[in-house]
Amino acid sequence: MLFKKKDKQQNISQQKLPNHIAFIMDGNGRWAKKRGLPRSAGHSEGGKALLKVLNKCNELHIKAVTVYAFSTENWKRPKDEVEFLMSLPSKYINTYLPKIKESNIIMKFIGNLDELSDILKADINKSIEETKNNTGLIFTVAINYGSQDEMLYAIKKVSKDVLEKKVLIDDINKEYFESKLMTHGMPNIDLLIRTSGEIRISNFLLWQIAYSELYFTDQYWPDFDEVELYKALSEYQRRNRRFGGVEEV
Ligand code: IPE
Ligand code: IPE
Ligand code: MG
């Protein structure tokens, strides 16, 4: 056991941990600006924060972690920033893939990956391939991801199934629709964390967070560490999840 049943200092209980946490890692640019650094320095520092958070989630036996790395809207940024952001996943895959493999983590990606560079696509495929037989935490990176695009893509797949008579319209239910989403097969998102003080979803996992607990913190992503994670988990454990029902007594 990696941590005590009830961690007194952080007031976390192992029983009520979320299965799946999603992170909107926001505030890298402002973190850098505050220090008089280029925005790219904030993104590099954000990468380091992600590694630490992932490691901690793995230690806590969280089943799945999904992170927003690049949205379908982020293409609007200056070309050099887009290029820098797009270079980071390959850099991390090439440096940390052996460690990820060894940590029993399964790597997955969501988003329109077809539009990414051939080098990045190859690195993505390598990381998926090399971790596919692992059995631990499912780590999903959203790159060129937008929830509205994902839903349109799913609707097109469903329509195709209808046309090909693979499904009857009356048989299309929630489970069937979910099977067409990029997140199919993943556990429900219990907790969505957004850093940087922005209180919005920015086109991330709109279907999947229907009943997630939402947690917003003013911390910029590069400052989000183990202590901040514990704060979020402790808040999560204080919430009463009713799912439309009545409070459990
Ligand atoms: C999040 O930080 C990283 C990405 C969106 C890729 P930002 O780059 O959005 O940082 P701020 O919000 O400008 O501070
Ligand atoms: C959301 O952050 C996208 C990622 C973290 C990858 P943004 O910084 O792009 O979102 P907005 O522009 O504040 O909504
Ligand atoms: Mg931002």
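Annotation: per residue accessible area for the chain equals 56 Å², rounded to a whole number [probe 1.4 Å, protein chains only].
For the stretch 33-95, the list of GluC sites (Glu not before Pro) that fall in a loop by DSSP and count at most 16 other C-beta atoms within 10 angstrom reads 73.
Quick one: check the C-alpha center-to-center distance for the stretch 110-139 versus the stretch 28-80, whole angstrom. Between the Cα centres of the stretch 110-139 and the stretch 28-80 lies a distance of 18 Å. Taking amide H as placed 1.01 Å from N in the peptide plane, residue 144 has its amide H under 5 Å from the amide H of 70, 71, each at least 5 places away in sequence or on another chain. For residue 109, the residues whose amide H sits under 5 Å from its own are 141, ignoring neighbours fewer than 5 places away on the same chain, with H placed 1.01 Å from N.
When Lys and Arg each count +1 and Asp and Glu each count -1, what net charge do the other residues less than 11 Å away from residue 38, Cβ to Cβ, add up to? Walk me through the numbers on the way to the answer.
Values: positive: 33, 35, 39; negative: 80, 81.
Neighbourhood net charge equals +1.
For the stretch 173-233, give the percent of accessible area contributed by carbon and sulfur heavy atoms, probe 1.4 Å, rounded to a whole number. Mind dumping the intermediate values first?
Values: 1370 of 2810 Å².
Heavy-atom surface of the stretch 173-233 belonging to carbon and sulfur, 1.4 Å probe: 49 percent.
Overall size of the stretch 181-249 from C-alpha positions, given as principal axis extents largest first: 36, 34, 21 Å.
Most tightly packed first, judged by the mean number of other beta-carbon atoms within 10 Å of their residues, the peptides 88-97, 62-71 read 62-71, 88-97.
Net charge dipole, the chain: roughly 540 debye, given to the nearest 20, about the Cα centre with Cβ charges of +1 for Lys and Arg and -1 for Asp and Glu.
Sparse packing (at most 15 other Cβ atoms within 10 Å of the Cβ) combined with a DSSP loop state is found for the following trypsin sites (Lys or Arg not before Pro) in the stretch 158-249: 165, 166, 200, 239, 241, 242. For the stretch 1-156, the relative contact order is 25 percent, taking Cα pairs closer than 8 Å that sit 6 or more residues apart in sequence and dividing their mean separation by the residue count.
In vacuum, with every alpha carbon of the chain counted as one equal point scatterer, what does the Debye formula give for log10 I(q)/I(0) at q = 0.08 Å⁻¹? Two decimals, please. For the requested q values the scattering log ratios are -0.33. Here is the size of the stretch 137-233 from its Cα atoms: Rg then Dmax, 16.6, 52 Å. Dipole check for the stretch 40-82: with +1 at the C-beta of Lys and Arg, -1 at the C-beta of Asp and Glu, and the Cα centre as origin, the magnitude is about 80 Debye. All other residues whose Cβ lies under 15 angstrom from that of residue 71 are scored, Lys and Arg at +1 and Asp and Glu at -1, for a net of -3. Using the Cβ of residue 226 as centre and a radius below 9 Å, the other residues enclosed give a net charge of 0, where K and R count +1 and D and E count -1.
The values are calculated or read from the model by the stated rules, or taken from the named source; none is laboratory data. No experiment lies behind these values; they were computed from the predicted model shown. All Cβ positions, glycine included, derive from the backbone under ideal geometry; neighbour counts span all protein chains shown. Note: accessible area is taken over every heavy atom of the protein model, side chains too, but ligands, DNA and RNA are not part of it. Shrake-Rupley method; radii C 1.70, N 1.55, O 1.52, S 1.80 Å.
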